[in-house]
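Trainee: Sharing a structure with you now.
Every number here is computed from the coordinates shown, using simple stated rules; none is lab data. Here the structure is a predicted model, which means the values were calculated and not measured. Glycine gets a Cβ as well: all are built from the backbone with ideal geometry, and neighbour counts include every protein chain shown.
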Amino acid sequence: MVQFDNISDDERKKVAEEAAHLLLQLQTPNLGGPGAPMVLGNSIAEQLITPQWVAAESDSDAKPLLRATGQTISIVETRASNGETAGGAPTPQEAVAYVRHATGTGRDDKAVQITAVSSSAIAGRIRDGLAWINANVSGEPMVRVLTAPAYQLTALGLFADDELTGVLIVTPMAGGLPIANEQLLTPAEFRRRLRTFPPIQGLEP
């Protein structure tokens, strides 16, 4: 089973309280519609993939270039307001949004720092990725979200003793990037494939 960096129940409660009114502003059919109950699911620490990390030739050179953002991604889940299937069983919860928030906040009655609330489909893809890891990877890897803005890419990183050991892409792959979903890559192979794909340079004037 996957493991996550520790976030206290009190902190998660404060994240949910701070994000609730923002989620209500986003509420659409994708979020279950007005009145649909929402709960905070997994909370996963985020790390940043930089072009310098991608360019590193060895894992030892790359390690210090993979940086913690100080942010946590918390998945938001909902289910139909009736809460049951036709057979009387609870309906499965669907990942419909995420809350991005600063870590190490929410203690001593201080407000948490919410930095993003989004109904992006990436929430569901992250949860699907976690389920894939549980079904296909042995042991209890520590999992963190890897964000690569220069490649418009989100992945899940598997760690053992704080060493990145595997990478699973969760964003849809398009534009010729030679990486398939549901394929666990070593960090070295992941960097090698990313190097064949130029980072985004921004809009031409």
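Trainee: Taking R0 as 30 Å, what FRET efficiency do you get between ASP128 and ASP61 from their Cβ-Cβ distance, rounded to the nearest 0.05? Intermediate values should be presented prior to the final figure.
Mentor: Numbers: r = 32 Å, r/R0 = 1.06.
In this case the efficiency is close to 0.40.
Trainee: So how far apart, in nm, are the two label points at ARG195 and THR50 if each is 7 Å from Cα heading toward Cβ?
Mentor: Rounded to a tenth, the inter-label distance reads 1.8 nm.
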